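Only the coordinates and a few stated rules stand behind these numbers; no lab work does. What you see is a predicted model, and the numbers here were worked out from it, not measured in a lab. Every residue, glycine among them, receives a Cβ derived from its backbone with ideal geometry; neighbour counts consider all protein chains shown.
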Amino acid sequence: ILFICCLFASKPRNLHITAPTGNFDVKCNKSGCLWKGKFHEHEQHLETCGKFQTPCANDGCGEMVARERMAAHTTQCPKHKLPCQQCGKKITRESFEEHTASLCSNKRVLCPLSCGTSLPRLHLTLNLSECSERAVRCAVTGCTAIIKQKNMPQNSTNAAATHSVLQEGEVQRLRGLMHF
């Protein structure tokens, strides 16, 4: 019995040798493969041999894996792409956790200002500019109060006396500029 090397199988055939050797008994040289057959059958066997090493088809992997383990490797491979349930993008297994935790633009997040709003990450900036919990400076010139947007009406009521004094001072300042 001859051992047939897979490298030999891919070489051009010498018809003077192939014809008389076609019926020789041969066996596969791949470790663990028990195939035995005729020399003329070895090429067909190598196309399906489970022990034959092939490169992983996932982009960026290229690991050499036995055919019989390729299906399991392909799905567990760090370069295998999975669809993100939030945005639909295909993300590699090795990057999936980071993507869903902090990069996916459609992942719902809570407003960091604690207003209770849940929204897609891509709308967070807009929410922060309109959030009732955001800090704003009092609109009355001279007032240094910084309060939550939602408390602005209450501030106007509570600080009415102070605002009145500040506004009178502003009126006097403007009159001085206009020389009245």
For the chain, calculated [θ]222 nm from helices alone, where every DSSP H run of n ≥ 4 adds -39500 (n - 2.57): -10000 deg cm²/dmol
Tilt relative to the chain, helix 67-76 - C-alpha long axis, 0 to 90 degrees, to 10: 0
Calculated FRET value between ARG108 and GLN76, using beta carbons and R₀ = 30 Å, to 0.05: 0.55
Listed candidates [x] 1.37; [y] 1.96; [z] 2.37 - label of the one calculated as Cα Rg over 2.2 N^0.38 Å: [z]
Backbone N within the range 134-149 under 13 Å of label point (7 Å from GLN167 Cα along the Cβ vector): 139-143
Dipole axis of the range 107-154 (+1 Lys, Arg; -1 Asp, Glu on Cβ), positive-most option in SER129, SER118, THR144: SER118
Degrees between helix 160-178 axis and first principal axis of the chain (Cα, 0 to 90, nearest 10): 80
